[in-house]
Amino acid sequence: MSLRARLAGIGHHLPPRVVTNDDLAQLFDTSDAWIQERTGIRERRFVDEGTTCTDLAEAASRQAMEHAGWEPEDVDFILFATLSPDLYFPGNGVFLQKQLGMGPVGALDLRTQCTGFVYGLATADAYIRSGMYRRILLVGAEVHSRGLRLTDEGRDTAVLFGDGAGAVCVEAVEADAPAQGDRPSSQLLTHALHGDGANALDLCLKKPGLGSFPFISQEQIDAGDTAPSMNGREVFKNAVRRFPEVIGEVLADASLAADDLDFVVPHQANARITEAVRSRMGLPEEKVASNIHNYGNTTAASIPIALSEAVHDGRVQRGDLVCLAAFGAGFTWAASLLRY
Ligand code: UT7
């Protein structure tokens, strides 16, 4: 029997504490006007003390499983995408497995930052098509707030990032499953994954790390090496080029065109990047997810949060042709095309 994968359920979770641009302007030299004009962001969420990235992932996963009608024991495998794990090692997958009270299922952490969710979806699809697993829980979750440098020196990245989580339940279906009424049957269609280490240092976290000695020191913390280091213009320039390119690649692979798309969920990096991609592709505003004004950039969580919102408020319906696309640290860029 030939197998395909489909999204059986989706959920998301944002911590309740809202941090506005004005709140940040109390802490360092910035302004609501600058942040909104350059990024579109109005506010983001920060966790309170005691809440971990795994906690956010657990809440999003429980919502996704409820939507799919799954119990934790139904899950065969966990994929966890994050750049802000609770510990340097082990990865967050095993913490999530424990918190959800699951049996000893495999748990794989993905470290491709902004593209983590799309890489994870492609991985889940490959496992399912191969017959290795039938029910995979994929989560993208981040706690950025504890790693940001909320000072004048760190302001270029401190204003961008927020905390949050999104999760999907990916399940096996027969490849020739009948369509649902007049809607095309729900399945993941194709993916494109790319990376280019030539720009690795244009967006990175220098420390802690074992590429140089020491692993971490007070001097390195004071120098800002534990906060993201970013060449914003280089990221921006490449993102605007790579998003349309990689979306075009998956559409061509499926012999479809931009006009066929019902909905696009770009990684929420900057409202200006999303707008540039939307206008280059000639897509109407209502077909492109944009929620960065509420949550900032939540890296691996941004796509599942935006898709979950669109599914739960009815903008995305079963059978719709949806494209997910991301660009970020690595540089890595990626897209998935699916029938929801
Ligand atoms: O998921 C991928 C993650 N990253 C991204 O997607 C980032 C992509 N890049 C960007 O979004 C933009 O490059 C930024 C929003 C980060 C910056 O916007 P920009 O238009 O490229 O500004 P800039 O870095 O060229 O800085 C312009 C000015 C500078 O002042 P001077 O040198 O012109 O006097 C900065 O010092 O804005 C200043 N600036 C700020 N001012 C107020 C930089 N950060 C801030 C700030 N508040 N937070």
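The values are calculated or read from the model by the stated rules, or taken from the named source; none is laboratory data. Computed from a predicted structure; not experimentally measured. Neighbour counts are summed over all protein chains in view; Cβ atoms, including those assigned to glycine, are modelled from backbone coordinates with ideal geometry. Ligands, DNA and RNA are excluded from the accessible area calculation, which covers all protein heavy atoms including side chains. Shrake-Rupley method; radii C 1.70, N 1.55, O 1.52, S 1.80 Å.
Descriptive notes on the structure:
- Matching residues in region 89-116 - criterion: being in a loop (DSSP other than H, G, I, E, B) and of a type outside the set (Val, Ile, Thr): PHE89, PRO90, GLY91, LEU100, GLY101, MET102, GLY103, PRO104, ARG111
- Complete set of residues in region 16-29 that are surrounded by fewer than 20 Cβ atoms within 10 Å (Cβ to Cβ) and touching a residue at least 24 places away in the same chain (Cβ under 8 Å): PRO16, ARG17, VAL18, VAL19, LEU27, PHE28, ASP29
- Count - residues of region 94-133 that are of a type in the set (D, E, K, R) and without any contact (Cβ under 8 Å) to a residue 60 or more places away in the chain: 3
- Subset of region 199-220 [touching a residue at least 24 places away in the same chain (Cβ under 8 Å) and among the aliphatic types (A, V, I, L, M)]: ALA200, LEU201, LEU203, LEU205
- Flag for LEU79 being open to solvent by 50 Å² or more (accessible area, probe 1.4 Å), assigned by TED's automatic domain parsing to the domain that holds ASN21 and assigned to a strand (DSSP E or B): no
- When the test is whether a residue is in contact with a Leu (Cβ under 8 Å, 6 or more places away or on another chain), closer than 21 Å to PRO304 by Cα, open to solvent by less than 60 Å² (accessible area, probe 1.4 Å) and part of a loop (DSSP other than H, G, I, E, B), LEU189 does not pass it.
- Unique match (being surrounded by 16 or more Cβ atoms within 10 Å (Cβ to Cβ), not aliphatic (A, V, I, L, M) and not assigned by TED's automatic domain parsing to the domain that holds GLN113) among ARG272, ARG241: ARG272
- Hits in region 292-301 (condition: over 12 Å from the mean Cα position of the chain (by Cα) and either open to solvent by 10 Å² or more (accessible area, probe 1.4 Å) or of a type in the set (Ser, Thr, Tyr) (or both)): HIS293, ASN294, TYR295
- Test: residue in region 148-167 that is within 14 Å of the ligand (Cβ to nearest atom), of a type outside the set (S, T, N, Q) and assigned to a strand (DSSP E or B): yes
- Qualifying residue in region 38-46 (condition: open to solvent by less than 30 Å² (accessible area, probe 1.4 Å), within 30 Å of SER130 (Cα to Cα) and within 18 Å of the chain's Cα centre (by Cα)): no
To keep it simple, each residue is scored yes or no on (1) at pLDDT 95 or above; (2) acidic (Asp, Glu); (3) open to solvent by less than 30 Å² (accessible area, probe 1.4 Å).
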| residue | (1), (2), (3) |
| --- | --- |
| GLY116 | yes, no, yes |
| SER130 | yes, no, no |
| ARG135 | yes, no, no |
| GLU142 | yes, yes, yes |
| ARG146 | yes, no, no |
| ASP152 | yes, yes, no |
| VAL159 | yes, no, yes |
| GLY162 | yes, no, yes |
| ALA167 | yes, no, yes |
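- Meets criteria (free of Cβ contacts under 8 Å to residues at least 24 places away in the same chain, within 25 Å of ARG38 (Cα to Cα), within 16 Å of the ligand (Cβ to nearest atom) and not assigned by TED's automatic domain parsing to the domain that holds ALA81) for ASN297: no
- Applying a threshold of 9 Å to beta carbon distances and a minimum spacing of six or more residues, or different chains, the list of pairs starting in region 30-52 at a residue that is aromatic (Phe, Trp, Tyr) and ending at one that is more than 16 Å from the ligand (Cβ to nearest atom) and open to solvent by 70 Å² or more (accessible area, probe 1.4 Å) reads PHE46/ARG17; PHE46/ARG146.
Rundown of residues vs (1) outside any strand (DSSP E or B); (2) away from the ligand (no atom under 16 Å from the Cβ); (3) surrounded by 24 or more Cβ atoms within 10 Å (Cβ to Cβ); (4) aliphatic (A, V, I, L, M), yes/no style:
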{"position": "ILE303", "(1), (2), (3), (4)": "yes, no, yes, yes"}
{"position": "VAL316", "(1), (2), (3), (4)": "yes, yes, no, yes"}
{"position": "ALA326", "(1), (2), (3), (4)": "no, no, yes, yes"}
{"position": "SER336", "(1), (2), (3), (4)": "no, yes, yes, no"}
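- Entry remark, region 10-38: residues being away from the ligand (no atom under 13 Å from the Cβ), more than 23 Å from ASP48 (Cβ to Cβ) and of a type in the set (Gly, Ala, Ser) number 0 in total.
- Of all residues in region 30-47, those that are part of a helix (DSSP H, G or I) and closer than 12 Å to PHE161 by Cα total 2.
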